[in-house]
1. Give, rounded to the nearest 20 debye, the magnitude of the charge dipole that the chain has about its Cα centre when Lys and Arg contribute +1 at Cβ and Asp and Glu contribute -1 at Cβ.
2. Arrange the following residues from fewest to most other Cβ atoms within 10 Å of their Cβ: Thr83, Thr100, Thr189.
3. Averaging sequence separations of C-alpha pairs under 8 Å and six or more residues apart, then dividing by the length of the range 1-75, give the relative contact order as a whole percent.
4. If R0 is 25 Å, what FRET efficiency do you get for Lys30 and Val55 from their C-beta distance, rounded to 0.05?
5. With r defined as the distance between the Cβ atoms of Thr99 and Lys5 and R0 fixed at 41 Å, what FRET efficiency is calculated, to the nearest 0.05?
6. If Lys and Arg each add +1 and Asp and Glu each add -1, what is the summed charge of the other residues whose beta carbon sits under 9 Å from the beta carbon of Trp188?
7. Less than 14 Å Cβ to Cβ from Gly158, Lys/Arg counted +1 and Asp/Glu -1: what total charge do the surrounding residues give?
8. Percent relative contact order of the chain, based on C-alpha pairs within less than 8 angstrom and at least six residues apart?
Amino acid sequence: MMDQKDIDAALLHFKRHDPVLAEVTQRVGKLQRRFEKRDAFTHLCRAIVGQQLSVKAAATIWERVCALYGNKKMLLPREILATRADTLRKCGLSLNKITTLEDLARHFAEENIDPKRFPRMRSDDIIAALVAVRGIGVWTAQMYLIFGLRRPDILPVGDLGFQNGIQRAYRLRARPAERTIRRFAKKWTGYESIAALYLWEYLHIDIHRA
């Protein structure tokens, strides 16, 4: 699980192997992003709710969903399965997201997905288990690996913000293609998630500041 020791090791690694990313880390400074402690099912539900939405809109809808269950920190698969679709619809969820939540709940209830096994599983195998859920793609699975399981070596090649961060940091004319990202990432081996965290934050700072 990614912790400050991993981040410190990553900073040293970037300094030795990728001067551009090392400069990015210096400009960003201390990472501001916080990892929220949620169980696997609740974390994935939150990720589904937030798909293709602004941060503000996703937070509003998530609050409405949580209110259905007494604002508990932990949602249960059986609760989702017992909730009528029109009730979830009134929270602002699309029909596709409701279907995804229901399918995820079934996978957990039937133990086709068992989060107790995740610490012993390879990342690729976890992704394969999650994308078996209707409506969950590789991006959502990777975000769970980074922010839920806090694995330090996940490369989210399909993430638009990550692509934009690379474009800005390396002064590319256009967002990089997958093969270009993988070429850069050869310098980050073992710390790809941490590189992504810094590149995401790099998008939101003034690069001309002192």
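1. In total the dipole reaches around 460 debye.
2. Fewest to most other Cβ atoms nearby, the residues stand as Thr189, Thr83, Thr100.
3. 21 percent
4. Once rounded, the FRET efficiency stands at 0.75.
5. The value I calculate is 0.50.
6. -1
7. Net local charge, Gly158 excluded: 0.
8. Relative contact order, the chain: 26 percent.
Readers should treat all values here as calculations from the given coordinates under stated rules, not as data from a laboratory. It should be emphasised that the depicted structure is a prediction, and the values quoted were computed from it without experimental measurement. Here the Cβ is made from the backbone with ideal geometry for all residues, glycine too, and neighbour counts use every protein chain on show.
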